[in-house]
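Visitor: Please see the structure below; I have some questions.
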Amino acid sequence: MRGFFKTFFAALLALIAFTAIIVVVLAGKVSGLLSPKKPDIAAKTVLVIDLGQSYREQEQSNPLAELGSEDQYDVPGIYDLVRLVRYAKTDTAVKGIYLKCNGDPNGFATNEEIRNAVLDFKTSGKFVYAYGDVIPQKAYYVANTADKIYCNPKGGLEWKGFAVEMTYLKGALQKLEIEPQIFYAGKFKSATEPLREDHMSEANRLQLTELLGDFYNRLLYTTAQQRRLDTVELRKCVNEHLVHYPKDALTYKLVDGLKYDDEVKDELRGKLKIDRHDAINFVSICKYAKAVDYKASGKDNIAVIYAEGEVVDGKGDKDEIGSDTYRTLIRKARFDKDIKAIVIRINSGGGSSLASENIWREVSLARKEKPVVVSFGDVSASGAYYLSCNADSIFALPGTITGSIGVFIIVPNFQQFFNNKLGVTFDGVKTAPEAGGLTVTKPLTPLQRFYVQNGVDSTYQDFKTRVADGRGRTIDYVDSIGQGRVWTGTKGLELGLVDRIGNMQDAIDCAARMAKTTDYNLKEYPEPKGFLDLVMGNFKRSVSMKAMKDELGEDGYRTYMTIKKIRASVGVSQAKWPFDLTIE
């Protein structure tokens, strides 16, 4: 028995010691997370910007990065990236920028922000190189700023123009005996078109043709300008499919050479004047963000509020613009006497019209007390435009998609689907003919249809009125450019939807001028979450997402998310642009 206790307590002591060691190690890691050591930036650094990385409006935090590889870092927001490139311009340790061009999931306005930052960086006299195995057109839009553009001899350059393909579900709904019951205001309001048509309407074809045409013309113009080429020849290369192989891209001077990765790096070593066997000190933009103090400080405060995602009622989730959350943020900035101006950065296709109205109200109240300037990102359309239209000044980029002034409501009728496909029926009692409200288990009554369409028309009238008052236009004029139609930022300027073509920094500079300050600090909202919130939130989202993707596959998961958005829209007045619009 004595031997048993001796063995038991020895094992227990070992377990306690082991646990203590683990706790100490983890505590050290967590301590490193809470107060991480800054990476060193050595001499002759080449800053790497991966265009294949998705850059959102705010930093994408990776709370467990310190527990993994030393190369894992948070991904900076797009305005952070712009400020980092501006800082690198005067950083003597940074000798140039290397653009990785193997992909580009970002929108046209985001690429415009990166492109402008790189062009400004070049004025320092430092070099910019771009390289990709296969360079897509959106990445090339940024890459054409480079001193040298190279692609893999066995890869290539995409040069084929832009295209949009939409999926139409009308036939599938008919086979399933599901009636969409759609009510909308605006002949260009194409958000519901995939549910009510089996092909693209002429109105939607017109607006998308003009939208893509603007993007395409800008690609041609900037390429001709930077590469000293003729837009006529560039257009000919597209129309006649002249750029098919890597050598074609070289022949038509879209790239400077066909090289493998090692050959490009040998050339960079020559630029840096280091031995051909020495490693190049590449530093990713993510690592650079942790290494330098790139955010300016000053006496006065300007609030910068990032609004990204769908506009929804209530608090909303991490990737949504919840009306309660954003009313609180704007109100906080309005009441804070130390904040001299407010800048709202928007990247959203809209959503709930009531949520947009509630945020519009808070913007209008804030404007009475201090300057409110809005900066549009990739998309600021429909409800996102609604909530911003009464700002003092609105900035957009050429590649911004804006407008879409229109409203819709979807109330699907699943009665025949439930009855004939599933054998499910519904019955009940009520105290009045219209008691119980809208339901998906039976068709709407004539009276319900009347009130739903009346609600859509009334909300559209309110939307037009808000825009007319905010932009100093007549309601008839707003209706003429509204009807749910989307525009680029460039066209939006011509039509009076925006005040200036400019980036985020231009909007902040405008707010500072209006507040009569040159010595300011930016207070950015929403504020970063705490370590535990990030860990638990990321964990729950990643587990849930992975389980669904494993079960449904990537295509199935995207379809599920689309259905989820449609379901959330049922019976709710929506000011939203098309559900799924992918430009390739």
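Visitor: Given the conditions (1) under 25 Å from residue 59 (Cα atoms); (2) out of contact with any Cys (no Cβ under 7 Å at 6 or more places or on another chain), which single one is not true for residue 368?
Guide: Here residue 368 clears every test but (1).
Visitor: Ok, one more. Suppose we filter the range 322-351 for residues that are more than 17 Å from residue 388 (Cβ to Cβ) and among the basic types (Lys, Arg); how many remain?
Guide: Our first condition is that a residue be more than 17 Å from residue 388 (Cβ to Cβ); within the range 322-351, this holds for 324, 328, 332, 335-340.
Applying the additional criterion that residues be among the basic types (Lys, Arg) yields 332, 337, 340.
Residues flagged as more than 17 Å from residue 388 (Cβ to Cβ) and among the basic types (Lys, Arg) within the range 322-351 amount to 3.
Visitor: Oh, and also: Looking only at the range 479-523, filter to residues that are part of a loop (DSSP other than H, G, I, E, B) and more than 17 Å from residue 389 (Cα to Cα); which one of those is nearest to the chain's Cα centre (by Cα)? Steps first, please.
Guide: Narrowing the range 479-523 to residues part of a loop (DSSP other than H, G, I, E, B): 482-485, 496-499, 502-503, 515-519.
Subsequent filtering for residues that are more than 17 Å from residue 389 (Cα to Cα) retains 503, 515-519.
Details: 503: 15, 515: 28, 516: 31, 517: 30, 518: 29, 519: 30 Å.
So the residue we want is 503.
A quick yes/no check of all residues on (1) loosely packed, with under 13 Cβ neighbours inside 10 Å; (2) on the phi > 0 side of the Ramachandran plot; (3) out of contact with any strand residue (DSSP E or B) (no Cβ under 9 Å at 6 or more places or on another chain); (4) not in a loop (DSSP other than H, G, I, E, B):
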residue: 250; (1), (2), (3), (4): no, no, no, yes
residue: 253; (1), (2), (3), (4): no, yes, yes, no
residue: 263; (1), (2), (3), (4): no, no, no, yes
residue: 283; (1), (2), (3), (4): no, no, no, yes
residue: 290; (1), (2), (3), (4): no, no, yes, yes
residue: 305; (1), (2), (3), (4): no, no, no, yes
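Visitor: What's the number of the only condition in (1) touching a residue at least 60 places away in the same chain (Cβ under 8 Å); (2) surrounded by 16 or more Cβ atoms within 10 Å (Cβ to Cβ) that residue 200 fails to meet?
Guide: Status for residue 200: all satisfied but (1).
Visitor: If we keep just the residues of the range 98-130 that are under 24 Å from the mean Cα position of the chain (by Cα) and among the aliphatic types (A, V, I, L, M), which is farthest from residue 46 (Cα to Cα)?
Guide: 109
Visitor: Mind counting the residues in the range 73-90 that are of a type outside the set (A, V, I, L, M, F, W, C), part of a helix (DSSP H, G or I) and in contact with a helix residue (DSSP H, G or I) (Cβ under 7 Å, 6 or more places away or on another chain)? Spell out how you get there, then give the answer.
Guide: Step one: of the range 73-90, the residues of a type outside the set (A, V, I, L, M, F, W, C) are 73-74, 76-77, 79-80, 83, 86-87, 89-90.
Those still in the list that are part of a helix (DSSP H, G or I) too: 79-80, 83, 86-87, 89-90.
With the extra rule that they be in contact with a helix residue (DSSP H, G or I) (Cβ under 7 Å, 6 or more places away or on another chain), the set shrinks to 79-80, 86, 89.
Adding up the residues that qualify gives 4.
Visitor: In this structure, is residue 417 without any contact (Cβ under 8 Å) to a residue 60 or more places away in the chain and either outside any helix (DSSP H, G or I) or more than 18 Å from residue 498 (Cβ to Cβ) (or both)? Explain how you work it out, then say what you get.
Guide: On the way: without any contact (Cβ under 8 Å) to a residue 60 or more places away in the chain: no; either outside any helix (DSSP H, G or I) or more than 18 Å from residue 498 (Cβ to Cβ) (or both): yes.
Considered against the rule, which asks whether it is without any contact (Cβ under 8 Å) to a residue 60 or more places away in the chain and either outside any helix (DSSP H, G or I) or more than 18 Å from residue 498 (Cβ to Cβ) (or both), residue 417 comes out as no.
Yes/no matrix, rows are residues, columns are (1) surrounded by fewer than 20 Cβ atoms within 10 Å (Cβ to Cβ); (2) part of a loop (DSSP other than H, G, I, E, B); (3) in the same structural domain as residue 56 (by TED's automatic domain parsing):
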{"residue": "358", "(1), (2), (3)": "yes, no, no"}
{"residue": "362", "(1), (2), (3)": "no, no, no"}
{"residue": "365", "(1), (2), (3)": "yes, no, no"}
{"residue": "370", "(1), (2), (3)": "no, yes, no"}
{"residue": "375", "(1), (2), (3)": "no, no, no"}
{"residue": "379", "(1), (2), (3)": "no, no, no"}
{"residue": "391", "(1), (2), (3)": "no, yes, no"}
{"residue": "395", "(1), (2), (3)": "no, no, no"}
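Visitor: Would a scan of the range 509-531 turn up a residue that is under 27 Å from residue 215 (Cβ atoms) and modelled with pLDDT of 95 or more?
Guide: If we filter the range 509-531 for residues that are under 27 Å from residue 215 (Cβ atoms), which is where we start, we get 509-510.
Still in the running and modelled with pLDDT of 95 or more: 509-510.
Yes.
Visitor: Then there is this: Identify the single condition in (1) at negative phi; (2) surrounded by fewer than 19 Cβ atoms within 10 Å (Cβ to Cβ) that residue 400 does not satisfy, given that it satisfies every other one.
Guide: (2)
Visitor: What number goes with the only condition from (1) in contact (Cβ under 8 Å) with a residue 12 or more places away in the chain; (2) more than 30 Å from residue 243 (Cβ to Cβ) that residue 125 does not pass?
Guide: (1)
Visitor: Now for a separate question. Run residue 187 past the list (1) at pLDDT below 90; (2) surrounded by 20 or more Cβ atoms within 10 Å (Cβ to Cβ) and report the number of the one that doesn't hold.
Guide: (2)
Visitor: With the structure loaded, tell me whether residue 441 is at pLDDT below 90, of a type outside the set (Asp, Glu) and either assigned by TED's automatic domain parsing to the domain that holds residue 509 or touching a strand residue (DSSP E or B) at 6+ places or on another chain (Cβ under 7 Å) (or both) or whether it fails that test. Please lay out each step first, then the result.
Guide: Working: at pLDDT below 90: yes; of a type outside the set (Asp, Glu): yes; either assigned by TED's automatic domain parsing to the domain that holds residue 509 or touching a strand residue (DSSP E or B) at 6+ places or on another chain (Cβ under 7 Å) (or both): yes.
In short, yes.
Visitor: Considering only the range 203-237, state which residues are surrounded by fewer than 18 Cβ atoms within 10 Å (Cβ to Cβ) and of a type in the set (A, V, I, L, M, F, W, C).
Guide: Scanning the range 203-237 gives 203, 206, 212, 224, 229, 232.
The values are calculated or read from the model by the stated rules, or taken from the named source; none is laboratory data. The shown structure was predicted, so the numbers you read here are calculated from the model rather than taken from an experiment. In this analysis, Cβ positions are derived from the backbone assuming ideal geometry, glycine residues included, and neighbour counts consider all displayed protein chains.
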